[in-house]
């Protein structure tokens, strides 16, 4: 009787000692990785600020365009946010619907191949999406643009005149939505599939329909995943370059009109198009626009993290 407690007292400290060493090693590696990422992020911010400072302090006459730095950056920031928000409004409902179908509606023989096909959309290069948008989707959307002008022209989004080529902000939003759809779908699909089976069966047992079960059990369980995945997709849409540069017909103005040929450019597309021919203060101006894009992306991700944490606290409560 006395040997067993003695053996246990000898064995437990040995196992606990090994476990503490592993915990220390893992904690050190995690802290080191976090410090490296924060250092890289801080280094990028410092680099952008230092290189953008000559443009910030330059005279308005040295800034490209008719106004100063703010007048130059404001339309670009507006166009970036407009294209990204439009893409999110189109992509999120589609991605959630696709994820629900794959995880809870499609038969098993179809769900897995369909998931692979959706995920493969993320492997298509952005320049291919741009070529598809300008050569296929743009011309195919001309009749739709005219219909929107004729029937919904009283709204500022469809005031027209409709573009004859389809190189509009609406087409850019659709292309960006297709590009970010696999990112949002992959995250939400995995979380929807982890919904506790007891919640789904309980809802069905109480007489809920399949859609009511999705609405009352699956969607609330995956709410934080939907928000997080949407912010990941928004970050991708904010920084997209080549597809926007190829498709968009740029006028440089600030407008909510989504179907006309005059559109504000985005920050990333403007940098890609103007950087090879820029020199002197013009380069610093482009870097200053990159600093603005960096700040927008940082604010968006911080806001997303705050919303996710609040949603998780509400769900646990």
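The values are calculated or read from the model by the stated rules, or taken from the named source; none is laboratory data. Remember, predicted model here, so these are calculated numbers, not experimental data. Cβ atoms come from the backbone with ideal geometry, glycine included; neighbour counts cover every protein chain shown.
Taken over segment 91-117, the criterion of being closer than 19 Å to residue 232 by Cβ and surrounded by fewer than 18 Cβ atoms within 10 Å (Cβ to Cβ) is satisfied by 93, 94, 97.
Right, residue 45: outside the structural domain of residue 211 (by TED's automatic domain parsing), in contact (Cβ under 8 Å) with a residue 40 or more places away in the chain and assigned to a helix (DSSP H, G or I) or not? It is true that residue 45 is outside the structural domain of residue 211 (by TED's automatic domain parsing), in contact (Cβ under 8 Å) with a residue 40 or more places away in the chain and assigned to a helix (DSSP H, G or I). The condition of being crowded, with 19+ Cβ neighbours inside 10 Å, in a helix (DSSP H, G or I) and free of Cβ contacts under 8 Å to residues at least 40 places away in the same chain holds for only one of 226, 271, that being 271. Considering 152, 176, the condition of being farther than 30 Å from residue 213 by Cα and surrounded by 14 or more Cβ atoms within 10 Å (Cβ to Cβ) is satisfied by 176 alone.
Residue-level check: of (1) touching a residue at least 12 places away in the same chain (Cβ under 8 Å); (2) in a helix (DSSP H, G or I), residue 64 misses just (2).
Do we find a residue being in contact (Cβ under 8 Å) with a residue 40 or more places away in the chain, in a helix (DSSP H, G or I) and touching a helix residue (DSSP H, G or I) at 6+ places or on another chain (Cβ under 8 Å) anywhere in segment 252-266? No, that holds for no residue.
Working only within segment 229-251, note down all residues that are over 19 Å from the mean Cα position of the chain (by Cα) and part of a helix (DSSP H, G or I). The answer is 246, 247.
Within segment 155-173, restricting attention to residues that are crowded, with 21+ Cβ neighbours inside 10 Å and in a helix (DSSP H, G or I), which residue is nearest to the chain's Cα centre (by Cα)? This residue is 173. Of all residues in segment 190-202, at least one satisfies being closer than 23 Å to residue 300 by Cα and within 24 Å of the chain's Cα centre (by Cα).
Annotation for segment 287-296: at least one member residue is touching a helix residue (DSSP H, G or I) at 6+ places or on another chain (Cβ under 7 Å), over 21 Å from residue 82 (Cβ atoms) and buried (at least 16 other Cβ atoms within 10 Å of the Cβ). Only a single criterion out of (1) in contact (Cβ under 8 Å) with a residue 12 or more places away in the chain; (2) closer than 27 Å to residue 99 by Cβ is not satisfied by residue 309, namely (1).
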